[in-house]
Amino acid sequence: MKVLAAIFLVGLMFAAPVMAKNATPGAKVQTVRDERKRKIVERVDAKLVEINKRRTDAMTRHLDKMSEILVKVKARGGDTVVAEAAVADARIAVAAQAAKIYTMTISTEDKLKINVGETMKALTTDLRNLHEGKIVPARKAVSDAIKSVKPVSTP
Amino acid sequence: MKKVLILIVLVLAAVLLWAGLTKKTARPQTGAVIVTTEEDLNKELDSTVDDGGAADFGELQNSAEGL
């Protein structure tokens, strides 16, 4: 009995990483029989993750820069309240986007292109909406904050 | 000896001419320091401008080629 339990545990140790890997968004790829198409789907799957990370990393960098600017604006007596709120709001949205996982739902092989396209569209739409809806307004708010710095007239 | 003196005079004249021209073309220092600061901040802000990821979306589109 103990031997059986030991074998089961050892088996579980080896199976767990494989099971975890299959639980990733690419798991549905196994339903694609065509080897060439399967590789493309896997490539797109990896690209979805890569591009989401790349874009959200870039947005985070830009928001960090905006925060740096706001520190300088504040030090020069500018009004940063609105801009700080906009940057903080954008940060929350970017973090949520970074945590998103895009799963390709493949119904049938003949609808592969449509299914993959839908997932790609979902990512690009989300990233565009995030950029237009949060990053651009945050930048505008920082720009307004810079304008609020009162000019010091020198005699 | 005469040649050396002429050379020294020429060098001095050239230095004076250069100094005079530099002073003439130098920008007048006014009280516009804050303008430069604002410009600097705006320049820094410009570094956060991007097109929203057009190239990345193109790359994603290309990765699906062949489906």
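Just so you know, all these numbers are worked out from the coordinates, no wet-lab data involved. Remember, it's a predicted structure, so these values are computed and weren't measured experimentally. Heads up, the Cβs are rebuilt from the backbone with ideal geometry, glycines too, and the neighbour counts pull from every protein chain shown.
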(Q) Given the options A:ALA145, A:ALA122, A:VAL82, identify the residue whose Cα lies farthest towards the positive end of the charge dipole of the range A:56-155 (+1 on Cβ of Lys, Arg; -1 on Cβ of Asp, Glu). (A) A:ALA145
Q. For the range A:25-147, what's the relative contact order in percent, using C-alpha pairs closer than 8 Å and at least 6 residues apart?
A. 38
Q | Cα centroid separation, the range A:50-66 to the range B:38-55 (Å) | A | 13
Q.
To make sure I understand, if each residue's beta carbon is the centre and we count other beta carbons within 10 Å, what order do A:ARG55, A:ARG36 fall in, fewest to most?
A. A:ARG36, A:ARG55
Q: Could you tell me which of the pairs A:LYS111/A:LYS134; A:LYS37/A:LYS65; A:LYS65/A:LYS100; A:LYS134/B:LYS43 are separated by over 32 angstrom between their Cα atoms in the structure shown?
A: A:LYS111/A:LYS134; A:LYS37/A:LYS65
Q. For A:LYS74, B:LYS43, what's the fewest-to-most ordering of other Cβ within 10 Å of each Cβ?
A. B:LYS43, A:LYS74
Q: Report the charge-dipole magnitude of the range A:52-155 in Debye, nearest 20, computed about the Cα centre from +1 at each Lys and Arg Cβ and -1 at each Asp and Glu Cβ.
A: 340
**Q.** Extension gain from B:VAL11 to B:GLN61, taking 0.36 nm per residue of separation minus the Cα-Cα distance
**A.** 11.3 nm
Q) How big is D for the range A:61-155, in µm² s⁻¹ as a whole number, if Stokes-Einstein is applied with the Kirkwood radius of its Cα pairs at 25 °C and 0.890 mPa s? A) 157
(Q) Neighbour counts of other C-beta atoms within 10 Å: give me A:ASP126, B:ASP40 arranged from fewest to most. (A) B:ASP40, A:ASP126
